[in-house]
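Here is the structure we will look at, set down as structure tokens.
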Amino acid sequence: MTLRQYLTATVIVALPALFAGCSCGSSTDDGTNKQEKISSKVIDWKAYNLGADHAKEVISIAHDESELQDALLEVRARISNIHSKLGAQSATDYERGFTEYIRTEKDSLARIIF
């Protein structure tokens with residue numbers, strides 16, 4: 001199995017869960033779920049730019065499969081952390097910055113992981 005096939009299989013299994021959680025409702029203190037509105041436009045540019053910066057790092061280590069997997073897990077952890085501390089909009093903007101940068105700068109990697 002080539003590296004590309006392995007990465008494709010690994011990422012196809014992991015990525016839907018990796019990027020699915022950002023736009024869902026959040027839980028309030030009383031245990032009820034509330035739906036946060038997410039703008040289709042970038043609102044939190046700081047989060048967006050941070051996502052793009054992390055995408056640069058991922059691109060720089062994309063040749064190493066193990067490091068790439070670790071980096072993608074770290075991105076998912078960051079998305080979750082941003083969502084819990086700053087809200088769904090910031091988490092979505094971070095994710096947008098990350099995915100758009102990779103799609104723009106490294107199309108071959110984007111086709112594998114997205």
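For the reader, a short list of remarks on this structure follows.
- Subset tally (residues that are touching a residue at least 12 places away in the same chain (Cβ under 8 Å) and not basic (Lys, Arg)) for the stretch 54-72: 11
- Pairs meeting the criteria (first residue in the stretch 88-111 and closer than 25 Å to residue 36 by Cβ, second residue of a type in the set (Val, Ile, Thr) and open to solvent by 10 Å² or more (accessible area, probe 1.4 Å), beta carbons under 6 Å, at least 6 apart or on different chains) are 88/38; 89/38; 89/43; 90/82; 91/82; 92/38; 93/42; 94/82.
- When each of 84, 66 is tested for being more than 10 Å from the chain's Cα centre (by Cα), under 21 Å from residue 109 (Cβ atoms) and surrounded by fewer than 18 Cβ atoms within 10 Å (Cβ to Cβ), the lone residue that passes is 66.
- Enumerated helices (runs of 4 or more DSSP H) restricted to the stretch 27-114, each holding at least 2 residues that are at pLDDT 90 or above: 45-60, 65-86, 88-105
- Residue within the stretch 52-64 that is more than 18 Å from residue 113 (Cα to Cα), out of contact with any strand residue (DSSP E or B) (no Cβ under 8 Å at 6 or more places or on another chain) and not aromatic (Phe, Trp, Tyr) present: no
The values are calculated or read from the model by the stated rules, or taken from the named source; none is laboratory data. Please read these numbers as outputs of a predicted model, since none were measured by experiment. Glycine gets a Cβ as well: all are built from the backbone with ideal geometry, and neighbour counts include every protein chain shown. With ligands, DNA and RNA removed, areas are computed over all heavy atoms of the protein, side chains included. Shrake-Rupley method; radii C 1.70, N 1.55, O 1.52, S 1.80 Å.
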